[in-house]
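Below is one structure, written out as structure tokens; the observations come after it.
The values are calculated or read from the model by the stated rules, or taken from the named source; none is laboratory data. The model shown is predicted, which means the values in this text are computed figures rather than measured ones. Ideal geometry is used to build each Cβ from the backbone, glycine not excepted, and the neighbour counts take in all protein chains shown. Calculation scope for accessible area: heavy atoms of the full protein, side chains included, ligands and nucleic acids excluded. Shrake-Rupley method; radii C 1.70, N 1.55, O 1.52, S 1.80 Å.
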Amino acid sequence: MYEYHNAILHAVREGLLLVDRDGRLTLANDGARELLGLPGDAEGRHVGDLGLSSSLAAMLGSGESRSDEIHLTGERVLVASAAVVRSGARSLGTVVTLRDHTELQALTGQLDAERGFAESLRSAAHEAANRLHTVVALVELGRADQAVEFATAELRAAQRLTDRVVGAVREPVLAALLLGKSAAAAERGVDLVISPDSELDDVALDARDLVTIVGNLIDNAIDAAVQGTPPARVRVHLRAEDGTFLIRVADSGPGLDPGVVRDVFRRGWSTKGDGRGLGLAMAGQAARRLGGGIEVGTGAQGAGGQGAGGQGAVFTVRLPLPPRPAHDGVTRDPAREEVRP
């Protein structure tokens, strides 16, 4: 019966951990080892010595019952639950189950992106309807010249935004994302600006990860800018050079307390202060997945430094670009190419 139950324990896909009341791992099935990347000698060691994230290690060693908490590892999104095992009034430890929600979270992120695009289209349609009503009203009032002037100015402004985004960002997914976010920001009274020195061609990086990074950073910046001193502004800079893709998103919001800067990519941190933030943690995970990282700064680096008011915050992402295949079929690393006249 022991061998039978042991086989079942290690055959289940979900992760299962047994942690004693002193915080030592006493058992980990194959699923848990794979999900957490545990070393072969993990059993018998304290959970704080297993190289886990601080939030997950704290949960495992808390000796408390928990339900469906989301935790991020380097590559995965895990849902963890813990139940205290008792013998009478005495605690024997905890049983922890882990479920892999990485694919589900990725699909949710795609759905959020599609919902964002749909919301942006709704915002654009709403604004277009308002302008059309204005033009019609001017015509009905017999002011056709003013109607033509107004319509021409609006078309020129819309085309200028499209030309600026598409001219600077020729990566189609990011260009579409920026156009959508511009409309969403405008509806909330935030001016989303693409820095004039932005220049980006098609990059050979995973489009879903790029949308996760740029979309979440812009959403967070818009939320922060709304809370700051008017005028609200978000500045986006995108550029690929020297084998590195640089993303910089700055806002004119109230800025970040230096004491919380190190926590902004932790699961649950949010500019809203409700402890339910996951976007920045997902952005950090996506950046690490692409081999890069995210830095956060405050003060004059923010969009507020451009005259928008507030001290602001700036998030900087650096991602290594894969080597480009040359026309002769040989793959070359642009960072190592010799420049010749």
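Of the strands (runs of 3 or more DSSP E) lying entirely inside region 1-80, those containing at least 1 residues that are modelled with pLDDT of 85 or more and open to solvent by 80 Å² or more (accessible area, probe 1.4 Å) are 66-72.
Just checking, does region 296-314 include any residue being at pLDDT 80 or above, surrounded by fewer than 15 Cβ atoms within 10 Å (Cβ to Cβ) and part of a strand (DSSP E or B)? No, because not a single residue in region 296-314 is at pLDDT 80 or above, surrounded by fewer than 15 Cβ atoms within 10 Å (Cβ to Cβ) and part of a strand (DSSP E or B).
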